[in-house]
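One structure is given here, and the rest of the page talks about it.
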Amino acid sequence: MNPTIQQVTERVAARSLASRTVYLERVRREGELARSRGPARAHLGCANLAHGFAAAGPEDKPLLRGTAKPGVAIVTSYNDMLSAHQPYETYPGELKTAVRRAGGVAQVAGGVPAMCDGITQGRAGMELSLYSRDVIAMATAIALSHDMFDASLMLGVCDKIVPGLLIGALHFGHLPAVFVPAGPMTSGLPNKVKARTRQLFAEGKVGRDELLDAESKSYHSPGTCTFYGTANSNQVMVEVMGLHLPGSTFVNPHTPLRHALTEAAGARAVEITAHGPEYTPVGEVVDEKAIVNACVALLATGGSTNHTLHLVAIAAAAGIVLTWDDLAALSKVVPSLTKMYPNGQADVNHFRDAGGMQVLIGDLLDNGLLHGDVLTIAGRGLDHYRSAPALKEDALVWEEVTAGSADLDVLRPVSAPFSADGGIHMLDGNLGCAVSKVSSVKPEHLVIEAPARVFDDQLQLLRAFEAGELDGQDFVAVIRYQGPSANGMPELHKLTPPLAVLLDRGQRVAIVTDGRMSGASGKVPAAIHLSPEAADGGPIALVRDGDLIRLDSAAGTLDVLADLSGRTPEGRALSDAEWVGTGRELFSAFRRMTGHAEHGAGLFGVNGAESATHGPGIGFAAPAGFAHTEVAQ
């Protein structure tokens, strides 16, 4: 193993020892009980069980009434508005058939919400996006709370959905969980053309019809959007964590291979219950090594910065305390191996065709950058994921991939990376700690020192751009009161096209914000997820127009070069009375209880560390009676 990878893993394990021990004791206690008692529903009262199979079809009702066949929960995020989730419409029937053939019985246990960040970008609904992750986790728990099940099949792809499903599943850590992807849509309009059209629209050089035509040629069919944003970063990490069947991540929807993999996922869920020889509870799969592996995969591929939040929250659900310092240390030794938009012009289909996950995982394993001795749903050892699925005479087989990349412009080996370090850097300085995605930023833009232009809302910046107020000047756009306890930490992706226009004109510009940028954010240098946020009394609330700010993404520093002492905060987050419309008023309690960005920006604590002696902060939402500033101390 690379010594830094090993050291970080050991550090995470040591830090998490108390909470992880408590968590695993629960998982193993429940697992032993499951082994000894047989399928879970066998121990329900007759009235309870009758409710559980009352609506079942004639094939499944006898199986559910009996107590010999393991039960499998299907938790689905299907809707036909999201292209990525539309293929799930037919999955329940396919999975029920596959589970029945494998000796089990499956039911749709529940659905979870699945909002589209692409639709809500720049709109009020985006302020509910991050909160939806924890809603999904809770909805997953409700689905599994019926005690009817011995394993689960998780149907989700996009931004908050997969982390939410996994967080929920980990709170039922004794149950195996198989994640079932739907795959990306086929390649459409090249990403370079789409991005250029967006900039032309921002400059007023093309109209709405031209922009809509470009967008609809890019997002054109069922499947995940093909750029390498949060959704596809989800898929890469889940496969590297051993929760997908090997090679199933980037197979297109509605193809024979996709159908075969879906059926195989259903069968595998039966095979790994506590009632078979390969019991594989999700709480054992997601351990410290798996979490570090996910971090490495994220960094090596230049994945979405949203996962600096989600990985911390996922780890916490497994009793593991992951910090941004861990990610910073890993980023220094994990090379950038892929070029997928916005980090390059290729999409995930091109990545797959270049060798994809099998080549990436194999090379990282061979160079000691991934832990190979891990438990996965495919069996013990990450070597299973060197193999690619294929259909041979209509039979699904896996074949080991021994060749290297077929396209070095898209996927490179560790021996010849695109850059020596990871695509995400952690920043620290007198403004707090933040995250910077550097994989798509030109080297000459990694360092900027310029006056601040302060905005308390992204619309203020957009209006200033349209009025020409930002022309001909270098500046750092400071967008504050965008953190999780201010307004849900929306993505500010709408800012990328106008600021990219100014960058292309030769101005030096950057972003500093306590909000998020989309996983699709590109070439504008940015310090995001700034913590502590303005609404919690962070120094960003003290910055004034004209203050010099130095952002050095290469060195990992973020500082305001001004004396902030004696200043009082300016601006404010909206009050509950003002933060209304689009259902936002339903989430006021989330604003008050959400944790800091660096702790995952969520409602839940570290699983297994619920005692009062552990204290608030690390992965915890603020307990009753604590202000966020008190938690930060």
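General observations
- A single member of 182, 231 is assigned to a helix (DSSP H, G or I), buried (at least 21 other Cβ atoms within 10 Å of the Cβ), in contact with a strand residue (DSSP E or B) (Cβ under 8 Å, 6 or more places away or on another chain) and not basic (Lys, Arg), and it is 231.
- Test: residue in the range 507-520 that is modelled with pLDDT of 95 or more, open to solvent by 50 Å² or more (accessible area, probe 1.4 Å) and either assigned to a strand (DSSP E or B) or not acidic (Asp, Glu) (or both): yes
- Matching entry among 559, 563 (being of a type in the set (D, E, K, R), over 25 Å from the mean Cα position of the chain (by Cα) and not in a loop (DSSP other than H, G, I, E, B)): 559
- Sole residue being over 23 Å from the mean Cα position of the chain (by Cα) and without any contact (Cβ under 8 Å) to a residue 60 or more places away in the chain, chosen from 457, 504, 409: 457
- Taking every residue in the range 216-236 that is on the phi > 0 side of the Ramachandran plot and pairing it with any residue that is part of a helix (DSSP H, G or I) and modelled with pLDDT of 90 or more, at least 6 positions away or on another chain, the pairs with Cβ-Cβ distances below 8 Å are 223/87.
- Unmet requirement for residue 551, which otherwise passes all of (1) closer than 30 Å to residue 201 by Cα; (2) not in a strand (DSSP E or B): (2)
- Filter result (within 15 Å of residue 329 (Cα to Cα) and part of a loop (DSSP other than H, G, I, E, B)) within the range 415-463: 420, 421, 422, 423
- Matching residues, the range 422-468, being out of contact with any Phe, Trp or Tyr (no Cβ under 9 Å at 6 or more places or on another chain), crowded, with 18+ Cβ neighbours inside 10 Å and among the polar types (S, T, N, Q): 436, 458
- When the range 64-76 is filtered for residues that are out of contact with any Phe, Trp or Tyr (no Cβ under 7 Å at 6 or more places or on another chain) and either of a type in the set (Gly, Ala, Ser) or modelled with pLDDT under 95 (or both), the ones remaining, listed by number, are 66, 67, 68.
- Members of the range 1-42 found to be basic (Lys, Arg) and open to solvent by 70 Å² or more (accessible area, probe 1.4 Å), listed by number: 11, 15, 26, 28, 29, 35, 37
- All positions within the range 277-287 that are part of a loop (DSSP other than H, G, I, E, B), of a type outside the set (D, E, K, R) and in contact (Cβ under 8 Å) with a residue 24 or more places away in the chain: 279, 280, 281, 286
- Hits in the range 469-481 (condition: touching a residue at least 12 places away in the same chain (Cβ under 8 Å), on the phi < 0 side of the Ramachandran plot and part of a loop (DSSP other than H, G, I, E, B)): 470, 471, 473, 474, 480
- With respect to the conditions (1) in a helix (DSSP H, G or I); (2) surrounded by 24 or more Cβ atoms within 10 Å (Cβ to Cβ), residue 257 lacks only one, and its number is (2).
- Test: residue in the range 341-357 that is of a type in the set (Asp, Glu) and surrounded by fewer than 24 Cβ atoms within 10 Å (Cβ to Cβ): yes
- Which numbered condition residue 537 fails, given (1) open to solvent by 10 Å² or more (accessible area, probe 1.4 Å); (2) of a type in the set (Gly, Ala, Ser); (3) closer than 23 Å to residue 301 by Cα: (3)
Residues are listed down the side, and each one gets a yes or a no for (1) closer than 30 Å to residue 139 by Cβ; (2) modelled with pLDDT of 95 or more:
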{"residue": "539", "(1), (2)": "no, yes"}
{"residue": "585", "(1), (2)": "yes, yes"}
{"residue": "595", "(1), (2)": "yes, no"}
{"residue": "611", "(1), (2)": "yes, no"}
{"residue": "616", "(1), (2)": "yes, no"}
{"residue": "623", "(1), (2)": "yes, no"}
{"residue": "627", "(1), (2)": "yes, no"}
{"residue": "631", "(1), (2)": "yes, no"}
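- 3 or more residues open to solvent by 10 Å² or more (accessible area, probe 1.4 Å): qualifying helices (runs of 4 or more DSSP H) within the range 56-175: 61-65, 91-101, 117-120, 129-144
- Residue within the range 303-323 that is under 12 Å from residue 8 (Cβ atoms) and out of contact with any helix residue (DSSP H, G or I) (no Cβ under 6 Å at 6 or more places or on another chain) present: yes
- When residues in the range 328-364 are screened for being touching a helix residue (DSSP H, G or I) at 6+ places or on another chain (Cβ under 6 Å) and assigned to a helix (DSSP H, G or I), 8 of them pass.
- Test: residue in the range 288-298 that is outside any helix (DSSP H, G or I) and either surrounded by fewer than 24 Cβ atoms within 10 Å (Cβ to Cβ) or in contact with a strand residue (DSSP E or B) (Cβ under 8 Å, 6 or more places away or on another chain) (or both): no
- Flag for residue 263 being surrounded by fewer than 23 Cβ atoms within 10 Å (Cβ to Cβ), assigned to a helix (DSSP H, G or I) and in contact (Cβ under 8 Å) with a residue 12 or more places away in the chain: yes
- The set of residues in the range 185-216 being hydroxyl-bearing (Ser, Thr, Tyr) and either assigned to a loop (DSSP other than H, G, I, E, B) or open to solvent by 40 Å² or more (accessible area, probe 1.4 Å) (or both) consists of 186, 187, 216.
- Checked against the criterion of being surrounded by fewer than 20 Cβ atoms within 10 Å (Cβ to Cβ) and out of contact with any strand residue (DSSP E or B) (no Cβ under 7 Å at 6 or more places or on another chain), the candidates 364, 391, 396, 370 yield just one match: 391.
- Residue satisfying condition, being over 19 Å from residue 244 (Cα atoms) and in contact (Cβ under 8 Å) with a residue 40 or more places away in the chain, within set 449, 466, 393, 444: 449
- Condition check for residue 402 on (1) surrounded by fewer than 16 Cβ atoms within 10 Å (Cβ to Cβ); (2) β-branched (Val, Ile, Thr); (3) in contact with a Lys or Arg (Cβ under 9 Å, 6 or more places away or on another chain); (4) more than 18 Å from residue 366 (Cα to Cα): one failure, at (4).
The values are calculated or read from the model by the stated rules, or taken from the named source; none is laboratory data. Since we're looking at a predicted model, the values are computed, not measured. So basically every Cβ, Gly included, is an ideal-geometry build from the backbone, and we count neighbours across all protein chains shown. For the accessible areas, the whole protein counts, side chains as well, though only heavy atoms, and no ligand, DNA or RNA atoms are used. Shrake-Rupley method; radii C 1.70, N 1.55, O 1.52, S 1.80 Å.
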